[in-house]
Amino acid sequence: MNKRIPVIAANWKMYKTKDEALEFIFAVNGNVPERSQVESIICAPAILLNLLVKREGEHLRIGAQNMHYADEGAFTGENSPAQVKTAGADYILIGHSERRSYFGETDKDVNLKMQAAFKYDLTPILCVGEQLADRESHQTKHVLDAQLEKAFDKIDASKAVKTIIAYEPVWAIGTGKTATPEMANDTIKEVRAKVADLYGSEIAQSVRILYGGSVKPNNIHELLKESDIDGALIGGAALESNNFLVFTDAASKK
Ligand SMILES: O=C(CO)COP(=O)(O)O
């Protein structure tokens with residue numbers, strides 16, 4: 001089995017002005033580990049993509065947070081996959097729980113975006129996660145399996161293996177409640193088992209699966225010690241350049 005290269009992805013959500021984005025990128029560029037050690041990614045608002053791409057150093061990469069699945073069309077306010085790609089982004093967040101809950105994104109939309117990502121050679125960071133009520137009623141596995149099955153519909157194995165999956169329990173996002181490292185690892189093992197179900201164990205062992213939800217500089221090390229946690233997708237704490245470097249440094253030691 002090849003070693004899975006850890007991934008640290010910042011999800012900036014709707015934060016940072018142009019000047020704040022520039023300040024961040026100048027602070028981290030040149031200080032992130034080599035890409036052979038860690039994939040360091042900033043998922044930025046679409047309007048900042050090009051600005052950041054122009055300044056990304058050798059080892060930092062830029063991703064978008066959302067796109068439409070259509071090639072083009074009359075969809076006011078949306079960005080197409082080709083626009084994201086030609087802005088220079090390499091990654092695309094798909095199915096973040098905030099997109100699902102505030103913007104009505106369905107599993108069908110998620111699947112169409114997955115297909116569009118591969119069509120335009122963007123690496124998807126596919127977000128899945130259960131609500132608190134799902135966990136309390138022991139439905140976590142059922143909910144995650146359904147999200148994964150639908151997201152990977154019509155995606156062949158050669159593409160699936162390139163997908164980065166982010167397991168983000170919805171109850172842990174922005175709440176300060178982190179899943180314990182053991183709980184996160186156990187659930188990520190279930191996610192990996194579902195990928196094995198869909199594509200076989202070799203592919204499941206190669207796919208990177210991240211944890212997301214209230215990751216902070218003081219819990220990243222514990223999380224990364226777990227066998228199946230291949231990195232993190234981080235919101236609030238990754239808005240600080242110093243923290244981002246703590247995260248990428250921690251991942252370089254995995
Ligand atoms: O939604 C998240 C990353 O996509 C997690 O956000 P927080 O790290 O702020 O909890």
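Here are the numbers for this structure:
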| item | result |
| --- | --- |
| Candidate set from segment 196-237 (those that are among the β-branched types (V, I, T) and away from the ligand (no atom under 16 Å from the Cβ)); member that is farthest from the chain's Cα centre (by Cα) | I203 |
| Any hit, segment 148-165, residues being at pLDDT 95 or above, within 26 Å of F24 (Cα to Cα) and buried (at least 17 other Cβ atoms within 10 Å of the Cβ) | yes |
| Test set (1) more than 26 Å from I209 (Cβ to Cβ); (2) within 18 Å of the chain's Cα centre (by Cα) - Y69 fails condition number | (1) |
| Given (1) touching a Ser or Thr at 6+ places or on another chain (Cβ under 7 Å); (2) within 16 Å of the ligand (Cβ to nearest atom), index of the condition N185 fails | (2) |
| Residues of segment 171-197 classified as of a type in the set (A, V, I, L, M) and surrounded by fewer than 17 Cβ atoms within 10 Å (Cβ to Cβ), total | 3 |
| Elements of type helices (runs of 4 or more DSSP H) contained in segment 24-120, each with 1 or more residues being of a type in the set (F, W, Y) | 97-102, 107-119 |
| Members of segment 165-174 that are of a type outside the set (A, V, I, L, M, F, W, C) and either near the ligand (Cβ under 7 Å from one of its atoms) or in contact with a helix residue (DSSP H, G or I) (Cβ under 6 Å, 6 or more places away or on another chain) (or both) | Y167, E168, G174 |
| Yes/no for E105 being surrounded by 19 or more Cβ atoms within 10 Å (Cβ to Cβ), of a type in the set (D, E) and within 16 Å of the ligand (Cβ to nearest atom) | no |
| Residue list for segment 52-66, filter: farther than 25 Å from K113 by Cβ and buried (at least 17 other Cβ atoms within 10 Å of the Cβ) | H59 |
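The values are calculated or read from the model by the stated rules, or taken from the named source; none is laboratory data. Predicted, not measured: the structure shown is a model, and the values here were computed from it. Backbone-built Cβ (ideal geometry, glycine too); neighbour counts: all protein chains shown.
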